[in-house]
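Everything on this sheet refers to the single structure shown next.
The values are calculated or read from the model by the stated rules, or taken from the named source; none is laboratory data. Quick caveat, the model's predicted, so the values are computed rather than measured. For neighbour counting, all protein chains shown are included, and Cβ atoms are generated from backbone atoms with ideal geometry for every residue, glycine included. Just so you know, the surface numbers come from the protein's heavy atoms only, side chains and all, with ligands and any DNA or RNA stripped out. Shrake-Rupley method; radii C 1.70, N 1.55, O 1.52, S 1.80 Å.
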Amino acid sequence: MMDIKLLTVRSEIAAGTRGAGMGIDALIVASLDQKSTFFSDNHVQNIDDVNNILFKNNQYPNAKHIDGVHTMLERVSNATSNVLAKGETPFVLAGDHSTAAGTISGIKKAFPNKKLGVIWIDAHADFHSPFTTPSGNMHGMPLAMVTHLDNQSEAVNQPDEETLDYWERIKSVGTSEPKLSPEDIVFIGVRDTETPENTIMNKFNIKNFTVDEVRKNGAIETASQALSHLNDCDMIYISFDVDSMDPSISKGTGTPVANGLTVEEALAINTTLVSNQKVVCWEMVEVNPTLDQHNTMANNAFHILTDTVKSYKHSRIVKV
């Protein structure tokens, strides 16, 4: 059985709402409330954040705090690559979703010659760039970072030279080449997109399993179909944003969107996905306890986390 390493990333500099950096501690509180020894039973490595940058005036309106985001992506990439090089599997618990680009970059840094597929469980497509973003919040840009899709044909902004210099540096984190092809991305639950993102999704025929499809076909069958779309990939990374779930469960995330997954659906999807032998990394992001009551989101997310880890470990027990 392969060992896992929990990588904790308390960065929230790319989010539009403060508090996601506290999500990991909310998960720890949930574990204590549930009398779980999960965080002592598994190896944990914390990656230092640069959240102090939030006290400074942002100089980059089309890519807020891009200098700090670049620093964080380098740190996450190096940590992810090092864990994989040791034969361990990183389970990443992060604040805002931008750091997923660092995780993906670290996977490709460790395995540059393997084809990577990504399953993105999220309410949002996260395919904006400094040219197309309506907000400047970089947690909406990680897939553009790793595919090198600036989407300038849909530009609504004119980023300055310093912003674009950092953007190019970000695209070269881990490896200078694109980390994956957009055709090797599968969405589950995406339902809040802007026109520039729709253009990319349509151009590359990116599959999005809608919540209605999950309901119609079942969560386990949806996960199986998502994996089938990535049959040609050598390895798979799963990114689970808790805003993929419905706000009726909890508003403890920065960008809730109606008509999302139930906890049971999210649980079934994630536990099924990680049982696939090609999965090399799993990540959960955007728990924000400052927007919550009674730590509800963290308690639900912790349940999904522990069962996903159990499923991963059980699927990799060597039978003699």
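Given Val69, Val44, which one is touching a residue at least 12 places away in the same chain (Cβ under 8 Å) and open to solvent by less than 30 Å² (accessible area, probe 1.4 Å)? Talk me through it step by step, then tell me what you get.
Working: Val44 fails: open to solvent by less than 30 Å² (accessible area, probe 1.4 Å).
The unique qualifying residue is Val69.
Sort through Lys108, Lys56 and tell me the only one that's charged (D, E, K, R) and without any contact (Cβ under 8 Å) to a residue 12 or more places away in the chain. So that I can check it myself, show each step before the final result.
Numbers: Lys108 fails: without any contact (Cβ under 8 Å) to a residue 12 or more places away in the chain.
Every option except Lys56 fails the conditions.
Give the number of residues within the stretch 243-256 that are open to solvent by 20 Å² or more (accessible area, probe 1.4 Å) and either among the hydroxyl-bearing types (Ser, Thr, Tyr) or out of contact with any Pro (no Cβ under 7 Å at 6 or more places or on another chain) (or both).
6
Out of the residues in the stretch 260-308 that are among the charged types (D, E, K, R) and in contact with a strand residue (DSSP E or B) (Cβ under 9 Å, 6 or more places away or on another chain), state the one that is farthest from Gly16 (Cα to Cα). Working first, answer last.
Residues of the stretch 260-308 that are among the charged types (D, E, K, R), as a first pass: 264-265, 278, 283, 286, 292, 307.
Then drop every residue that is not in contact with a strand residue (DSSP E or B) (Cβ under 9 Å, 6 or more places away or on another chain), which leaves 265, 278, 283, 286.
Details: Glu265: 27, Lys278: 34, Glu283: 20, Glu286: 11 Å.
This residue is Lys278.
Output the residues belonging to the stretch 20-41 that are of a type outside the set (A, V, I, L, M, F, W, C), open to solvent by 20 Å² or more (accessible area, probe 1.4 Å) and touching a Lys or Arg at 6+ places or on another chain (Cβ under 9 Å).
Going through the stretch 20-41, the residues of a type outside the set (A, V, I, L, M, F, W, C) turn out to be 21, 23, 25, 31, 33-37, 40-41.
Applying the additional criterion that residues be open to solvent by 20 Å² or more (accessible area, probe 1.4 Å) yields 25, 33-37, 40-41.
Scanning the stretch 20-41 gives a single hit, Asp25.
If you check Val287 against the conditions, is it buried (at least 24 other Cβ atoms within 10 Å of the Cβ), in contact (Cβ under 8 Å) with a residue 60 or more places away in the chain and outside any strand (DSSP E or B)?
Working: buried (at least 24 other Cβ atoms within 10 Å of the Cβ): yes; in contact (Cβ under 8 Å) with a residue 60 or more places away in the chain: yes; outside any strand (DSSP E or B): yes.
Considered against the rule, which asks whether it is buried (at least 24 other Cβ atoms within 10 Å of the Cβ), in contact (Cβ under 8 Å) with a residue 60 or more places away in the chain and outside any strand (DSSP E or B), Val287 comes out as yes.
Which ones in the stretch 112-125 are open to solvent by 10 Å² or more (accessible area, probe 1.4 Å) and either under 21 Å from the mean Cα position of the chain (by Cα) or within 21 Å of Gly68 (Cα to Cα) (or both)?
If the condition is that a residue be open to solvent by 10 Å² or more (accessible area, probe 1.4 Å) and either under 21 Å from the mean Cα position of the chain (by Cα) or within 21 Å of Gly68 (Cα to Cα) (or both), then Pro112, Lys114, Lys115, His124 are the ones that fit.
Pick out the one residue from Ile13, Ile28 that is without any contact (Cβ under 8 Å) to a residue 12 or more places away in the chain, β-branched (Val, Ile, Thr) and under 21 Å from Thr253 (Cβ atoms).
Numbers: Ile13 fails: without any contact (Cβ under 8 Å) to a residue 12 or more places away in the chain.
After applying the criteria, what remains is Ile28.
Which one of these is under 22 Å from Glu88 (Cα atoms) and either of a type in the set (A, V, I, L, M, F, W, C) or open to solvent by less than 30 Å² (accessible area, probe 1.4 Å) (or both): Leu261, Leu267, Leu273? Break it down into steps so the answer makes sense when it comes.
On the way: Leu261 fails: under 22 Å from Glu88 (Cα atoms); Leu267 fails: under 22 Å from Glu88 (Cα atoms).
Selected residue: Leu273, the only one of Leu261, Leu267, Leu273 that is under 22 Å from Glu88 (Cα atoms) and either of a type in the set (A, V, I, L, M, F, W, C) or open to solvent by less than 30 Å² (accessible area, probe 1.4 Å) (or both).
Give me the pairs: first residue in the stretch 222-235 and in contact (Cβ under 8 Å) with a residue 12 or more places away in the chain and under 18 Å from Cys281 (Cα atoms), second residue assigned to a loop (DSSP other than H, G, I, E, B) and polar (S, T, N, Q), beta-carbon distance under 8 Å, and six or more apart or on different chains, which are they?
Close Cβ pairs (under 8 Å, with a partner that is assigned to a loop (DSSP other than H, G, I, E, B) and polar (S, T, N, Q)) amount to Leu227/Asn276.
Can you work out which of the residues in the stretch 136-170 that are of a type in the set (S, T, N, Q) and open to solvent by 60 Å² or more (accessible area, probe 1.4 Å) is farthest from Pro196 (Cα to Cα)?
Initial filter on the stretch 136-170 (of a type in the set (S, T, N, Q)): 137, 147, 151-153, 157-158, 163.
So of that shortlist, the ones also open to solvent by 60 Å² or more (accessible area, probe 1.4 Å) come out as 152-153, 158.
Details: Gln152: 9, Ser153: 9, Gln158: 15 Å.
Looking at the filtered set, the residue picked out is Gln158.
Of all residues being more than 14 Å from the chain's Cα centre (by Cα) and among the aliphatic types (A, V, I, L, M) in the stretch 1-23, which is farthest from Val285 (Cα to Cα)? Just the residue, please.
Residue satisfying both the conditions and the ranking: Met1.
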